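Report on the following structure.
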Amino acid sequence: GENVEQHPSTLSVQEGDSAVIKCTYSDSASNYFPWYKQELGKGPQLIIDIRSNVGEKKDQRIAVTLNKTAKHFSLHITETQPEDSAVYFCAAVGGSYIPTFGRGTSLIVHP
Amino acid sequence: NAGVTQTPKFQVLKTGQSMTLQCAQDMNHEYMSWYRQDPGMGLRLIHYSVGAGITDQGEVPNGYNVSRSTTEDFPLRLLSAAPSQTSVYFCASLQGGGGYTFGSGTRLTVV
């Protein structure tokens, strides 16, 4: 089955810095890669996604890149703000439509 | 508001008791899933359903039952609660090819 590795497990940055979270996947059949943000006490929320026919996607301060050859994808957050502090999960999805999640990255943005 | 509704939000059970965690979605999504979230373990899939009348086991199904009699509802039953089932439980739904919409979670403590 699919295996998703996510790094780092914890990331601490100063407000205004950039943050990068990286994930690798094992199944070349995976073709959809969503990212979720989980704030304290809440359920995860989809923030951005990318499909295998696209190399990069941006939405304001967040962007996701995908390298199909290397089987890795990354989340980039620029100009971080304290409200970006949360746990972020990556996932890989193939034909079954059921995601395989990474273990999560706790992002802490210090004011 | 459209989305995934989970009840209850909090529950304390005694070892050996049974209970049902409720999940309902009003988006006419085909797929519904139950996850448990434990510190350092990420999101682990318990059971999932690809449509009314169809369910399947995920990564950690032991001790849990599900049924899907309607598109909207996907209850999770704990047959005989154990302390190891203390966790936060999330229900999620998706339409094939898209990302999950998660509920707000049920925090369960088994004493």
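Among the residues that make up region B:60-79, is at least one of them more than 10 Å from chain A (Cβ to nearest Cβ), of a type outside the set (D, E, K, R) and touching a residue at least 60 places away in the same chain (Cβ under 8 Å)? Walk me through it before giving the result.
Here is the first cut: in region B:60-79, the ones more than 10 Å from chain A (Cβ to nearest Cβ) are B:60-79.
After this cut, where a residue has to be of a type outside the set (D, E, K, R) as well, the list is B:60-67, B:69-71, B:74-76, B:78-79.
Right, trim to touching a residue at least 60 places away in the same chain (Cβ under 8 Å) and you get B:78-79.
Yes, there is a match, as at least one residue in region B:60-79 is more than 10 Å from chain A (Cβ to nearest Cβ), of a type outside the set (D, E, K, R) and touching a residue at least 60 places away in the same chain (Cβ under 8 Å).
Tell me, please, whether a residue that is surrounded by 18 or more Cβ atoms within 10 Å (Cβ to Cβ), within 14 Å of chain B (Cβ to nearest Cβ), in contact (Cβ under 8 Å) with a residue 40 or more places away in the chain and assigned to a loop (DSSP other than H, G, I, E, B) can be found in region A:68-81.
No, region A:68-81 has no match at all.
Given A:SER28, A:SER12, A:SER52, which one is modelled with pLDDT under 95, more than 14 Å from every other protein chain (Cβ to nearest Cβ) and out of contact with any Gly (no Cβ under 7 Å at 6 or more places or on another chain)? Don't jump to the end; show me each part of the working.
Details: A:SER12 fails: modelled with pLDDT under 95; A:SER52 fails: more than 14 Å from every other protein chain (Cβ to nearest Cβ).
Of the residues listed, the single one that is modelled with pLDDT under 95, more than 14 Å from every other protein chain (Cβ to nearest Cβ) and out of contact with any Gly (no Cβ under 7 Å at 6 or more places or on another chain) is A:SER28.
On the basis of being more than 12 Å from every other protein chain (Cβ to nearest Cβ) and within 27 Å of A:SER9 (Cα to Cα), does B:SER84 make the cut?
Numbers: more than 12 Å from every other protein chain (Cβ to nearest Cβ): yes; within 27 Å of A:SER9 (Cα to Cα): yes.
So B:SER84 fits the description; yes.
Do we have any residue at all in region A:96-110 that's surrounded by fewer than 18 Cβ atoms within 10 Å (Cβ to Cβ), outside any strand (DSSP E or B), more than 10 Å from chain B (Cβ to nearest Cβ) and of a type in the set (Gly, Ala, Ser)?
Scanning region A:96-110 turns up no residue that is surrounded by fewer than 18 Cβ atoms within 10 Å (Cβ to Cβ), outside any strand (DSSP E or B), more than 10 Å from chain B (Cβ to nearest Cβ) and of a type in the set (Gly, Ala, Ser).
The values are calculated or read from the model by the stated rules, or taken from the named source; none is laboratory data. All values derive from a computational prediction rather than experimental measurement. Please note: Cβ atoms are built from the backbone with ideal geometry, for glycine as well, and neighbour counts cover all protein chains shown.
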